[in-house]
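Structure, as structure tokens:
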Amino acid sequence: MESWGPMLRALLSGPGRRGGTRGWAFRSGQPHLPLAGLSSATELVNHWTGVFEKRGIPEARESSEYIVAHVLGAKTFQSLRPALRTQPLSPQQLQCIQELSSCRLQRMPVQYILGEWDFKGLSLKMAPPVFIPRPETEELVEWVLEEVVQRPRVEGAQDGPLILEVGCGSGAIALSLLSQLPETLALEMKKLLGASLFRWDLEQGPRGGISWHSASQPSFILGQSRVIAVDKGEAAISLTHENAQRLRLQDRIWMVPLDVTLGPKTGPGCGWGTALPGTWWQVALESFTYQWTNVCCVSPSLSTEGSWTHLLPWGPVDLVVSNPPYVFHQDMEQLAPEIRSYEDVAALDGGEEGMDVIAHILALAPQLLKDSGNIFLEVDPRQPELVSRWLQSRPDLDLQLVAVRRDFCGRPRFLHIRRSGP
């Protein structure tokens, strides 16, 4: 993840958002009255651009244009019909623009103000403090899709890939992958179960218990491309679930509240360089409660005596993908106010060298991946060399750094790691 400055420019110049006034729910707590003498969209954009510039708000014009366009129901100001740019706005529209602009003056990110943002062509709901997906992460998704398309196909196999995303946030990576991966039906599943297919569903009891139910359209069936999305934040799990429903992808994603740093631990004096084995999935699941069942689908077998295998009812995963916290701890204070004040610090701070969560992901990967399975990571440009040295120090993991890819700014940003052994 990067600091705001040029990053905000990239975010604001990216795809626009669907119109509406949902972002108006973020109130500044101050009274607002329509500005006298300002009536058209163009005048409002010019006014708020000047205000933002005077207050040192990054990308002042882009911010004001997106806010005005959003209130008028457009994705971008440029997409508004010329007549709409000059005709008078209603008092309600003027009030809403002032409310949202006041939030921007408090350095709230535009994505949170509008309440939604586009990622890989998908309109996703955004809400603080869940991490806002950055534009370079779209390149990570593209690389994963390339790998899936190019992977050798086993003769007779009809399964789509099973993907594990660590740190799902808003669901941007998982849902964009699912939206572009094929939904091949599993004939073998039908042969096995006959005409009756099954789904995991939630009972409406006081504890939200879990039970099997027959259904003509299973919610997580063999043969489809599927994602297991994990995150330790309740807000992230809930937002991913909501975005999956918005995109009608909820039947292909399995959301699990889980903290991977409870996993393979580092011993005294080891730093992040030496991960010790441990039954980390069991530790994490022991803290799991069924209070989560109102927001995510979980296996009937998931219980306190469970293990990581209960998360993989149809076998190990084909690939792991993650945009983990990778900011060097000493760099956290240098982040823009938009980041420090609104986004979840736990989704940003990667420890002393930004490697804390990355090391845990790599340490658990051999337990989760198929033979020749793949890991795709987004990292800080300083970390490819750190990851390479870490892997060399852990030959027992049978993980090999296959490739490093640069982002659109030319910085080494993405890693492809492959499991080479059984």
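Take the conditions (1) buried (at least 19 other Cβ atoms within 10 Å of the Cβ); (2) assigned by TED's automatic domain parsing to the domain that holds residue 347; residue 142 misses just one of them, which is (1). Residue 177 fulfils the conditions (1) surrounded by fewer than 21 Cβ atoms within 10 Å (Cβ to Cβ); (2) at pLDDT 95 or above; (3) part of a helix (DSSP H, G or I) except for a single criterion, (1). Scanning region 11-21 turns up no residue that is modelled with pLDDT of 85 or more, surrounded by fewer than 21 Cβ atoms within 10 Å (Cβ to Cβ) and not assigned by TED's automatic domain parsing to the domain that holds residue 324.
The listed residues are 343, 385, 338, 333, and the only one of them that is in a helix (DSSP H, G or I), under 22 Å from the mean Cα position of the chain (by Cα) and farther than 16 Å from residue 260 by Cβ turns out to be 338. In region 71-117, the residue that is farthest from residue 343 (Cα to Cα) out of those that are in a helix (DSSP H, G or I) and small (Gly, Ala, Ser) is 83.
The residue that is nearest to residue 48 (Cα to Cα), among those in region 65-105 that are at pLDDT 95 or above and of a type in the set (Gly, Ala, Ser), is 101. Quick check on region 400-409. Is at least one of its residues touching a Pro at 6+ places or on another chain (Cβ under 7 Å) and either in contact (Cβ under 8 Å) with a residue 24 or more places away in the chain or part of a helix (DSSP H, G or I) (or both)? Within region 400-409, none of the residues are touching a Pro at 6+ places or on another chain (Cβ under 7 Å) and either in contact (Cβ under 8 Å) with a residue 24 or more places away in the chain or part of a helix (DSSP H, G or I) (or both).
The values are calculated or read from the model by the stated rules, or taken from the named source; none is laboratory data. This one's a predicted model, so the numbers in the text were calculated from it and none came from an experiment. Glycine gets a Cβ as well: all are built from the backbone with ideal geometry, and neighbour counts include every protein chain shown.
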